[in-house]
Amino acid sequence: MKPNLVLWDWNGTLLDDVALCVDALNRLLRIYHYPQQYSLAQYREIFGFPIEDYYIRAGFDFSKNSYKELADDYMQDYLARAGACPLAESAVPALSLLKGAGVQQVTERGVRPYFDRLLGLDNIYARSKVEVGLAYLTELKQRGAVPAQAIMIGDSVHDFEVAQALGVRCVLQTAGHQSAQQLRATGATVVPDVLAAAQYCLNEL
């Protein structure tokens, strides 16, 4: 079915911040005197939503330090360095490919000239994007858009869950925050990177 709209995830999909997130996690563990440290592959196996559960899988004990305290410290570290994160290697070619084909694109934030709308969360605790997406799709439906003709591109199981809740199709790419095995378990289409995801969308045209 022809996609008339692509919803892009930002972190780990268009923004290559995975190495920063691994480093920020390991720094947080050291600050709070935990012995464990995670490689990129190990991080991709434990990362997920809700973030509270991910922190538990990483080994944090909320009876010693609250989730809010840990999340605040993590985000202070992350935000101080996130500006230096590059776009994913194939992000601009992917965005250009879809823009050239006339497909509307939406992201949480990012490369403004490529997008029709930027959507984002207003808190640092990485809670669900569903409400934001539903509000936007409701607006589009009032103008005659069909959610079933939209595709979401992301890098996490949560992106698939958001797509399901929104009633849109989903393509997941494996260069982000979660392992290919976890992504394939959703049953979504899984591709190597964002350019392959854009090409998949165009093959649906």
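The values are calculated or read from the model by the stated rules, or taken from the named source; none is laboratory data. Keep in mind that what you see is a predicted model, and the values were worked out from it rather than measured. So basically every Cβ, Gly included, is an ideal-geometry build from the backbone, and we count neighbours across all protein chains shown. Quick note on the areas: whole protein, heavy atoms, side chains included, nothing else; ligands and nucleic acids left out. Shrake-Rupley method; radii C 1.70, N 1.55, O 1.52, S 1.80 Å.
With label points built 7 Å along Cα→Cβ from the Cα atoms of Arg27 and Asn203, find their separation and express it in nm.
Those two pseudo-labels are separated by 3.9 nm.
Heavy-atom accessible area of Glu69 with all protein chains present, probe 1.4 Å, nearest 10 Å²?
Using a 1.4 Å probe on the heavy atoms, I get roughly 80 Å².
Based on the Cα coordinates of segment 30-96, what is the per residue volume of their convex hull in Å³?
In segment 30-96, the Cα convex hull volume per residue is 126 Å³.
For Val132 and Asp72, compute 0.36 nm times the residue count separating them, minus their Cα-Cα distance, and round to one decimal in nm.
Full-extension gain reported as 19.3 nm.
For Arg81 and Gln164, what is the calculated FRET efficiency with R₀ set at 35 Å and r taken between the beta-carbons, to the nearest 0.05?
Once the sixth-power term is evaluated, E becomes 0.60.
Rounded to the nearest 0.05, what FRET efficiency do Val92 and Tyr34 give with R0 = 45 Å and r taken as the Cβ-Cβ distance? Could you check?
After rounding, the FRET efficiency stands at 0.75.
Can you tell me how much longer the chain between Ser63 and Ala180 gets when fully stretched, taken as 0.36 nm per residue apart minus their C-alpha distance, in nm with one decimal?
Residue separation times 0.36 nm, minus the Cα-Cα distance, leaves 38.8 nm.
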